[in-house]
Amino acid sequence: GLSVQSVSHILNNLPDKPYKQDTRDRVFEAAKELGYRPNAAARSMVTKKTHHVGLIMPIKPDAWFSSVDSYETMMGFNSFLCERGYVCSVIPVKQFNEPGSESRIFREQLLDGVVVYGAANREIYERIEKSTDLCLWVDTDINRPTGCIQRDEQFNSYLAVSQLASLGYRKLIWLDYAEHTSHYSHDQRYAGFQKAVRQFDLAYEDIACSKPWLGHDPLKLKNKLAPDVAVITTRHQFALSLTHTMRHINMRPGYDFGLVALEKSHECDITWPGLSAVVTDRSKIGELAAKMFLEAVDNHRKLPDSVCIQGQWHAGETAWGPHVKTQSNKS
């Protein structure tokens, strides 16, 4: 037979308890025959945990998947917690636009805590923090010694420039939105870019875009591009748009100009594995956020140390260096 405590461990699906699978199966079968249904409310009174976490993030109903990186972070976060018996509720950050406008799950203390993802203004950040006892910040402008995860975008853009310089490119074009948001990543990226072009003595030019799909005339862009010129885009959507635009006049990235993106989603990795890029795995950021959250829950809501994640260089096929053009001409 099994003790009451052992049965409780199995019924609550505690992953750190080493029960054999056949033992678990017998307990669940017996519970089914007896009509047992877990009572989360009763369990939370004993454990002081609801096993329910809120993920607060920007959501655009008119463009659900316009930001694939957010989706990948969310899935990494949810999949890790789901395996450990947690339920994740996605909460639109706009619920905190006005004081007192937050969901009832905050007023009724239905959550063990929240993880905040993405850009928002400081007033909203303050309202969120006041509504819960446990709050982690993921890829936000909040940067503290504990409880935060950020990407090291200054390092990432510096890494991209240093790789392009080593490949022999002598001029760079920075391709980004004309109007930046207040998100920390924009300033960090450009700071890393500026630092690197100075260090490697490279010429550069900025091209501003009003939307992800370029509105520039390919003939005008042609005059800016050459085999020893490389374009750095802040998003892979810009890279895709530029490639399609220049194909109208038979210019190819990797041969007629270099091309590197500072972001690359899993979807892009599947559909365009040859895009040269600095890659930061967003699903891994989500998993890390989930681990930090559980660590805080198990440690009386003490926040773990903050983490700054550096990307990795993916060589790809769109930035081989100016010599590739020369060799292709000779052949």
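The values are calculated or read from the model by the stated rules, or taken from the named source; none is laboratory data. Note that the structure is predicted; figures quoted are calculated from it, not measured. Here the Cβ is made from the backbone with ideal geometry for all residues, glycine too, and neighbour counts use every protein chain on show.
With the condition kept exactly as written, say whether any residue in segment 289-312 is buried (at least 17 other Cβ atoms within 10 Å of the Cβ) and more than 27 Å from I149 (Cα to Cα). No, because not a single residue in segment 289-312 is buried (at least 17 other Cβ atoms within 10 Å of the Cβ) and more than 27 Å from I149 (Cα to Cα).
Any residue at all in segment 245-253 that's surrounded by 20 or more Cβ atoms within 10 Å (Cβ to Cβ) and in contact (Cβ under 8 Å) with a residue 40 or more places away in the chain? The answer is yes; a qualifying residue exists.
Run down A208, A178 and say which single residue is of a type in the set (G, A, S), touching a Cys at 6+ places or on another chain (Cβ under 9 Å), in contact (Cβ under 8 Å) with a residue 24 or more places away in the chain and more than 26 Å from E317 (Cβ to Cβ). Explain how you work it out, then say what you get.
Working: A208 fails: touching a Cys at 6+ places or on another chain (Cβ under 9 Å).
Just one listed residue meets the conditions, A178.
What are the residues in segment 1-34 that are at pLDDT 70 or above and assigned to a loop (DSSP other than H, G, I, E, B), if any? Residues satisfying the conditions are L2, S3, P18, Y19, K20, L34. From the list K222, K171, the one residue that fits, being within 19 Å of R252 (Cβ to Cβ) and touching a Phe, Trp or Tyr at 6+ places or on another chain (Cβ under 7 Å), is K171. Counting only helices (runs of 4 or more DSSP H) that sit wholly inside segment 70-181, those with at least 3 residues that are touching a helix residue (DSSP H, G or I) at 6+ places or on another chain (Cβ under 6 Å) are 122-130, 153-167.
Limited to segment 214-227, what total is found for residues that are within 23 Å of R189 (Cβ to Cβ) and buried (at least 18 other Cβ atoms within 10 Å of the Cβ)? Break it down stepwise before answering.
Kept after step one, since they are within 23 Å of R189 (Cβ to Cβ), are these residues of segment 214-227: 214-216, 221, 224-225.
Now restrict to residues that are buried (at least 18 other Cβ atoms within 10 Å of the Cβ): 214, 221, 225.
Counting residues in segment 214-227 that are within 23 Å of R189 (Cβ to Cβ) and buried (at least 18 other Cβ atoms within 10 Å of the Cβ) gives 3.
Considering only residues that are over 25 Å from H186 (Cβ atoms) and among the polar types (S, T, N, Q), look in segment 107-145 and name the one that is surrounded by the fewest Cβ atoms within 10 Å (Cβ to Cβ). Checked segment 107-145; the qualifying residue surrounded by the fewest Cβ atoms within 10 Å (Cβ to Cβ) is Q109.
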